[in-house]
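**Student:** Sharing a structure with you now.
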Amino acid sequence: MQTDRNLSPEHKAGMAALSLGALGVVYGDIGTSPLYAFQTAFSPEHGVPYSPNNVLGVLSLIFWALTLIVLVKYVLLVLRADNDGEGGILALMALVMRQYARGSRGRAIAITLGLVGASMFYGDSVITPAISVLSAMEGLSVATPVFNDWIVPITAGILVGLFVVQKHGTAAVGRYFGPVMLVWFTVIGLLGLVQVLHNPTVLLAINPYYAVELFGREPKIALILLGAVFLVLTGGEALYADMGHFGRRPIQRAWVGLVMPGLVLNYFGQGALVLAHPEATKNPFFYLAPHWALIPLLLLATAATIIASQAVISGAYSITTQAIKLGYLPRMTVAFTSESHQGQIYVPFINWLLLIFVLLLVLSFRSAENLASAYGIAVNITMLVTTLFCWMIAQKRWGWSAGRSNLVFGGFAVIDLAFLSSNSLKVDHGGWFPLLFGAAIYVLLSTWKRGRSLLRRQLEEQALNLKDFVASLSTYPPTRVEGTAVYLTPSTTMVPHALLHNLKHNKVLHERVIFLSAQTMDVPHVPPDKGIQLTPLEEGIYLLHVELGFQDEPDVQQVLADCERLYGMEFQLMETSFFLARQTIVPSKLPGMALWREVLFSWMSRNAQEASDYFRIPPNRVVELGTQVEI
């Protein structure tokens, strides 16, 4: 194993740069939790009265939650479960799916769990910008009461500006994310350290006895309290989701070297302050700072919350593109905002959808304390799904014994369920919102997947076998015309409906016909020399099968260029026509889905991005032929 001591100076510099970048993207969400988490623990909704023992109990729960869930579970274990270097709930789902055969019960369970986890991630993507920016703006009331009535409007304005600039990409400001978060973690750590030095008694909370004692003394209150303690973990899932951008080691180094020390010092500093001044429970984070530093700290907190929001918004874009390529969402417009970084994308539909619901949350809840009641349950469910997936992977891929995997991930599942039982108490106080939002997303994901399966089945029942069709061309030869026709088809064994319609109406066939089928694999990337397979049939017919990773971009022109390079088949784009079939879905009472889901699927299909745009086909070379299909 190569240690840091053995690394070259260039490698160390690169590792430091990646670790700095990870600070700006990976740790924005969890890094802004001190703004509201400790304060929420002593809010009336959580029923934890102030007392020195309760303060130490809360701090002990926070410390061990960060240690067990973030450090041990995510940093040391979950980051090992990479899908060829990529992370995230859908990448993890794709990794688990490899272990099960198509149509098997295990595969169906994995898909269901993955879709639930992905749906809940969207719920988290809505709440994080709202609670982060709102909690930062509430620091204005600590500086001066003049701004009390302006906190919500200012928050809304900042959020609108954040979503409006998304279309320009984050490349221009992204280089500053890491340094800003470096300053943030340093400052909040120093602010906490000052208070800890004034009252080192709080360090007793490192002893888990105080957490256990709180549960023994006030079990009902402690169970409710877990919902507030969970707020310190809400960004933990991002460690895994953003692994593909930075790699495992930079994320681990950033957590151990700066993030966890900064967070622990700040939480313990808030505890020390509250022990000395109980009235500081109103907003202990901003009361840590001397009066002259309030405005600079407020500005720094605003920048940090914007960065945290940006990370979650970017994550929503990424998970959307993965869902599209894996077949769980219809095609959508995806803009690439950077020529050098493929991962920097912009999805307009998701952007404006998130903005609408984020503003509704801010205007409805109006305070970070109220929003905290709705926060946590969605990402809690995603974390539980991650635990279950890693339990499956530990035995199949890591070679763990059943006893070892059950002990480790069974223990984490118990902790996740304990947090979930506490967060479920928030449902009546706003927790219903992310659940409802996530449930709506799940319905969309599952409906699209099921609808596409039913549509494929209907088309295959009406289609001709490809080999039989090719054989018939020698017996009943149609009129052939010059040029190349490329037919996009989801099947490698059936004749595309577009070709049958072309023959029926135009009664001609091009001298060279290529059936192009693309399949998204459960790996992030597939190199062209392994993913492109050209099979010559007869009568000038070719079958071109392309395998893409779920992070690869579909580009038909690039596929044809790779085919020319690999197989020597020349393509003149101006002599090539691309034939696409456009299906109009007609809901019916045929067995398959409920009628309302068929109507929903039909609506999603009508509003999908044009196939020619999605596959980057020159629009002046496209011929679309439509057909109606009942499902």
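No value in this document is a laboratory result; all are computed from the given coordinates. Note that the coordinates shown come from a computational prediction; the quantities given were computed from them, not determined experimentally. Neighbour counts run over all protein chains shown; Cβ positions are idealised from the backbone, glycine included.
**Student:** Among bridges DSSP assigns within segment 463-630, what percent are antiparallel (round to 5)?
**Tutor:** 15 percent
**Student:** Okay, moving on. Nothing charged except the Cβ atoms of Lys and Arg (+1) and of Asp and Glu (-1): what's the magnitude of the dipole of segment 487-631 about its Cα centre? Round to the nearest 20 debye. Please report the intermediate quantities before stating the final value.
**Tutor:** Numbers: 11 positive and 18 negative charges, 126 e Å.
The dipole of segment 487-631 has a size of about 600 debye.
**Student:** Moving on to the next point. How would segment 180-291 be classified by its alpha-carbon gyration tensor: rounded, prolate or oblate, with rounded meaning a/c under 1.5 and the a/b versus b/c comparison settling the rest? It would help to have the intermediate numbers written out before the result.
**Tutor:** Numbers: a/c = 2.05, a/b = 1.29, b/c = 1.59.
Oblate, since a/c reaches 1.5 and b/c is not below a/b.
**Student:** From the residues PHE601, HIS168, ILE109, which one has its Cα farthest along the dipole of the chain in the positive direction, the dipole being from +1 and -1 charges on Cβ of Lys/Arg and Asp/Glu about the Cα centre?
**Tutor:** Working it through, the farthest residue towards the positive pole turns out to be ILE109.
**Student:** Hey, got the dipole for segment 547-631? About the Cα centre, +1 on K and R Cβ, -1 on D and E Cβ, debye to the nearest 20?
**Tutor:** Once rounded to the nearest 20, the dipole reads 500 debye.
**Student:** Can you show me the helix-derived [θ] at 222 nm for the chain, built from DSSP H runs with n ≥ 4 at -39,500 (n - 2.57) apiece and divided by the number of residues, rounded to the nearest 500. Each step should come with its number before you reach the end.
**Tutor:** Working: 28 runs with 366 residues, N = 631.
For the chain, the value works out to -18500 deg cm²/dmol.
**Student:** Now, a different point. According to a simple spin-label model (label point 7 Å from Cα along Cα-to-Cβ), what is the distance in nm between VAL212 and GLN609?
**Tutor:** 5.5 nm
**Student:** Sort PHE177, PHE357 so that the residue with the fewest other Cβ atoms within 10 Å of its own Cβ comes first and the one with the most comes last. Don't jump to the answer; show the numbers that get you there.
**Tutor:** Working: PHE177 24, PHE357 20.
Neighbour counts put them in this order, fewest first: PHE357, PHE177.
**Student:** Now for a separate question. Go through GLY531, ALA581, GLN557 and say which Cα lies farthest out towards the positive end of the charge dipole of segment 463-630; charges sit on Cβ, +1 for Lys and Arg, -1 for Asp and Glu.
**Tutor:** Toward the positive end, the furthest listed residue is ALA581.
**Student:** So for the chain, averaging the separation of alpha carbon pairs under 8 Å that are six or more residues apart and normalising by length, what relative contact order in percent results?
**Tutor:** On the way: 1008 pairs, mean separation 122.2, N = 631.
Here the relative contact order equals 19 percent.
**Student:** Mind ranking 364-377, 250-263 by how tightly packed they are, going by the mean number of other C-beta atoms within 10 angstrom, highest first? Before the final figure, lay out the partial values.
**Tutor:** Details: 364-377: 23.1, 250-263: 21.6.
Ranking, from highest mean packing down: 364-377, 250-263.
**Student:** Another question, then. Gain in length, SER364 to SER401, computed as 0.36 nm per residue apart minus the alpha-carbon separation, to one decimal in nm?
**Tutor:** Difference between extended and current length: 8.4 nm.
**Student:** Right, here's the next one. For GLU482, GLU553, what's the fewest-to-most ordering of other Cβ within 10 Å of each Cβ?
**Tutor:** Sorted ascending by nearby Cβ count, the order is GLU482, GLU553.
**Student:** Using Cα pairs closer than 8 Å and at least 6 residues apart in sequence, work out the relative contact order for segment 463-630, in percent.
**Tutor:** 22 percent
**Student:** What is the order of HIS497, HIS505, fewest Cβ neighbours within 10 Å to most? Before the final figure, lay out the partial values.
**Tutor:** Values: HIS497 22, HIS505 9.
Listed from fewest to most nearby Cβ atoms, that is HIS505, HIS497.
**Student:** Under a 5 Å amide H to amide H cut-off, with H placed in plane at 1.01 Å, what residues pair with ILE532 once short-range neighbours are removed?
**Tutor:** GLU547
**Student:** Of VAL264, ALA241, SER422, which is farthest along the charge dipole of segment 13-450 in the positive direction, counting Lys and Arg as +1 and Asp and Glu as -1 at C-beta?
**Tutor:** ALA241
**Student:** What is the spin-label model distance, in nm, from ASP428 to ILE154 if the labels are put 7 Å beyond Cα along the C-beta direction?
**Tutor:** 3.5 nm
**Student:** Here's another thing I want to ask about it. Dipole magnitude of the chain about its Cα centre, charges +1 at Lys/Arg Cβ and -1 at Asp/Glu Cβ only, in debye to the nearest 20?
**Tutor:** 960 debye
**Student:** What is the Cα convex hull volume of segment 13-450 when expressed per residue in Å³?
**Tutor:** Looking at segment 13-450, the number lands at 137 Å³ per residue.
**Student:** Treating the angle as unsigned and between 0 and 90°, give the value, to the nearest 10°, between the Cα long axis of helix 595-606 and the longest Cα principal axis of the chain.
**Tutor:** 80 degrees
**Student:** What is the Cα centroid distance between segment 244-298 and segment 444-492, reported in whole angstrom?
**Tutor:** With segment 244-298 and segment 444-492 each reduced to a Cα centre, they are spaced 60 Å.
**Student:** Using DSSP to call loops (not H, G, I, E or B), can you name the chymotrypsin sites (Phe, Trp or Tyr not before Pro) in segment 377-459 whose Cβ has at most 15 other Cβ atoms within 10 angstrom?
**Tutor:** Listed in order of number, the matching sites are TRP398.
**Student:** Any idea what angle helix 556-567 forms with the longest principal axis of the chain, computed on alpha-carbon atoms, 0 to 90 degrees, nearest 10?
**Tutor:** Around 60 degrees separate the two axes.
**Student:** Based on C-alpha coordinates, I'd like the Rg and Dmax of segment 463-630, in Å.
**Tutor:** In order Rg, Dmax, the Cα atoms of segment 463-630 give 16.9, 49 Å.
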